[in-house]
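The values are calculated or read from the model by the stated rules, or taken from the named source; none is laboratory data. This one's a predicted model, so the numbers in the text were calculated from it and none came from an experiment. Note that we place each Cβ from the backbone using ideal geometry, even for glycine, and neighbour counts take in every protein chain shown.
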C-alpha cells in the first residue's frame, strides 16, 4: 500500500509540473519573429554620420543665414566706422545699424519723392536747415521757370554705411545709396526738355544723416548730400 501511495504522489506532482509549464508558455508566449525590438539604449554609442562629398557649395540650415564673418580684434579697432559705431552704441544703447540703414532707405525714398513733387512740408521734417534751404531754392527756381522735375524711383539697389563719427553728442553716419531712377524735366507746356521717362539710370548718392543723441527727438536729419568723386 505504501508503494502505491508513493506512485500516486509522483504522478500527482508530475501533472502539477506539466500544468505549470503550459501556463508559463501561454503567458510568456513563443518567439515568432514579429516581436518589437527592445528600445534603443540612449547611452549607446551612435555610428558617425556619413557626410556628403564636398561639392564646393555651402549647405545652410532652414531659416538660417550665413554666419557673419569674424573680425580680428585689431582689425575692428583699426576700422574708423566700427569705432564710431561703438561710440554711438555707448551713447545710445538702442542703436542698431541695420535698423538705421532701413530707416535711411525710407528717408531716401521720401526725400526724392517730396523733392520731385515740390513738397516743402515733408522736406522740412527730414532735412537740416541748410539742406532744406538748398532743396527749396532749387524747387522755387524750377517753379519760376515754369518747369517741373519728375523722378520715378524704380528701386534702391544698395544702401551702405561708408562713414561714421561722433562730434560731442551728435552722431553722423554717411550712407552711399545706389538706386535706379528715371528723371525728366518738363517745361510749362509739358514738353520734355531734359531726361527720358523710358531711360532707367543707375544713380549713386552719398548722404549724411545726423542726430543729437541727447535730444528727445529720435529722428535723423539729412545734413549733407554729395556725389561720389
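In summary, helices (runs of 4 or more DSSP H) completely within the range 58-117 and bearing 1 or more residues that are at pLDDT 50 or above, touching a strand residue (DSSP E or B) at 6+ places or on another chain (Cβ under 7 Å) and surrounded by 15 or more Cβ atoms within 10 Å (Cβ to Cβ) occur at 80-91, 97-117. Entry remark, the range 161-171: residues being at pLDDT 95 or above, more than 13 Å from residue 206 (Cα to Cα) and out of contact with any helix residue (DSSP H, G or I) (no Cβ under 6 Å at 6 or more places or on another chain) number 1 in total.
State whether the residues of the range 179-191 include one that is surrounded by 17 or more Cβ atoms within 10 Å (Cβ to Cβ), modelled with pLDDT of 90 or more and touching a helix residue (DSSP H, G or I) at 6+ places or on another chain (Cβ under 7 Å). Taking every residue of the range 179-191 in turn, none turns out to be surrounded by 17 or more Cβ atoms within 10 Å (Cβ to Cβ), modelled with pLDDT of 90 or more and touching a helix residue (DSSP H, G or I) at 6+ places or on another chain (Cβ under 7 Å). Among the conditions (1) exposed (fewer than 14 other Cβ atoms within 10 Å of the Cβ); (2) over 24 Å from residue 148 (Cα atoms), residue 221 misses just one, which is (1). Can you find even one residue in the range 135-145 that is surrounded by fewer than 14 Cβ atoms within 10 Å (Cβ to Cβ), within 19 Å of residue 205 (Cα to Cα) and under 28 Å from the mean Cα position of the chain (by Cα)? Scanning the range 135-145 turns up no residue that is surrounded by fewer than 14 Cβ atoms within 10 Å (Cβ to Cβ), within 19 Å of residue 205 (Cα to Cα) and under 28 Å from the mean Cα position of the chain (by Cα).
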